Amino acid sequence: MPYCEFPFLLISCGKSLPMKFLLLLLCSLSYGFIMAQDCRAHLLMQKGVQLEYKYYWKTYHTPDSAVSRLLYQVDQVTDSAGSTWSLMTKRGYGVFDSTKHYERKIGLQCDGQHLLIPYDFYYPDTIYTRDIYPKLYENDPYGYAIAYTPLKDAIAYIIPLDLDCTVRLPEGKKRFNKIMYTGYKQFTTFKYVPYYTNTINILHIYLAGKENVTVPAGTFTCYKICVVEGEPDDDYEPLKALLYFNKEVGLVKLEHYHTRVELNSIKK
């Protein structure tokens, strides 16, 4: 059987190659390009970019309504120790009253091949009482319903800059504690508990396909990442979160139990 010459390979003439092999070949040929990718091609690594999200929470009081508005502004981008760092400000605003807000500084790392994202990066740090319990707002002296302590050392998502050739996602930290403070107490007949500690246990993170996703900011081609949470020995069905990532924008949509995050706008 004659063979056709091809760089690095000898391919049998007249025979078609399996699709899986062709994908592997394509990824191999583009390996050098992947290794040389520039982190600054990603919007989260570009100075001046603003990404706005809305956080939805389905409860008895707020049936699938927006309860928080999140704004991420990239203030500075710098290279250090082989990584690119995006220094940004994360701001959260009340939906009913935008004068109620908070902000904190975040340093986001790109190691040249991956974005390293903390578990709580796309979640609000504080949810204000009026946004969840509109009718109880006037009687609430605290102003906030729930506040989360920012997580430390919680890089859960290690997202490759090039997802086309990704077979398995790298694993980040899989277990950590999340502290939730409650800001109201006079509306409950139970004993007031100032805070709760929730243990997050990630069992598995995997790619679940590719699809177009439409949100208020537009339509984006996204990679669907499935995150399975729970305890290995629990009788309960594990919780699943779906993260829809675009290669240039980052998160476009997140669905987790009774909550949802959607990209609302982009400003460059």
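Contour minus end-to-end for residue 231 and residue 79, with contour as 0.36 nm per residue of separation and end-to-end as the Cα-Cα distance? Let's see the in-between values first.
On the way: separation 152, 0.36 × 152 = 54.72 nm, distance 3.85 nm.
The residue 231-residue 79 span can extend by a further 50.9 nm.
Run the simple label-point estimate for residue 166 and residue 40 please: 7 Å along Cα→C-beta, distance reported in nm.
2.4
Which distance in nm do the two modelled labels at residue 257 and residue 113 give, with both placed 7 Å along the Cα-to-Cβ direction?
Calculated label separation equals 3.4 nm.
Work out how much length residue 106 to residue 267 would gain on full extension: take 0.36 nm times their residue separation and subtract the Cα-Cα distance, in nm to one decimal.
Numbers: separation 161, 0.36 × 161 = 57.96 nm, distance 1.88 nm.
Extra length from residue 106 to residue 267 when fully extended: 56.1 nm.
Given the pairs 90/173; 54/152; 105/253; 152/174; 54/253, which span a C-alpha to C-alpha distance of over 18 angstrom in this model?
On the way: 90/173 22 Å; 54/152 24 Å; 105/253 23 Å; 152/174 13 Å; 54/253 10 Å.
Long pairs (Cα-Cα over 18 Å): 90/173; 54/152; 105/253.
Residue farthest toward the positive end of the dipole of the stretch 39-200, with Cβ of Lys/Arg at +1 and Asp/Glu at -1: which of 76, 145, 176?
Most positive-ward Cα: 145.
Can you work out the Karplus-derived ³J(HN,Hα) for every residue in the stretch 69-82? Use 6.51 cos²θ - 1.76 cosθ + 1.60 with θ = phi - 60°, whole Hz, and x for glycine or proline.
Taking θ as phi minus 60°, the curve returns 10, 10, 10, 10, 10, 7, 8, 7, 10, 9, 9, 7, 6, x Hz for the stretch 69-82.
Between residue 241 and residue 212, how many nm apart are label points set 7 Å from Cα along the C-beta direction?
Computed distance between label sites residue 241 and residue 212 equals 2.8 nm.
Out of residues 5 or more away from residue 265 or on other chains, whose amide H comes under 5 Å of its own, with H placed 1.01 Å from N in the peptide plane?
Here 52 satisfy the definition.
Amide H of residue 161: which non-local residues (sequence gap of 5 or more, or other chain) have their own amide H closer than 5 Å, using H built in the peptide plane?
Those qualifying (amide H under 5 Å, at least 5 residues apart or on another chain) are 114, 115.
I need the phi-derived Karplus couplings for the stretch 250-256: 6.51 cos²θ - 1.76 cosθ + 1.60, θ = phi - 60°, integer Hz, Gly and Pro marked x.
Karplus values, whole Hz, x for Gly and Pro: x, 5, 10, 8, 9, 10, 9.
Where a number appears in this text, it was derived from the coordinates with a stated rule and is not lab data. Note that this is a predicted model, so its numbers are computed, not measured. For neighbour counting, all protein chains shown are included, and Cβ atoms are generated from backbone atoms with ideal geometry for every residue, glycine included.
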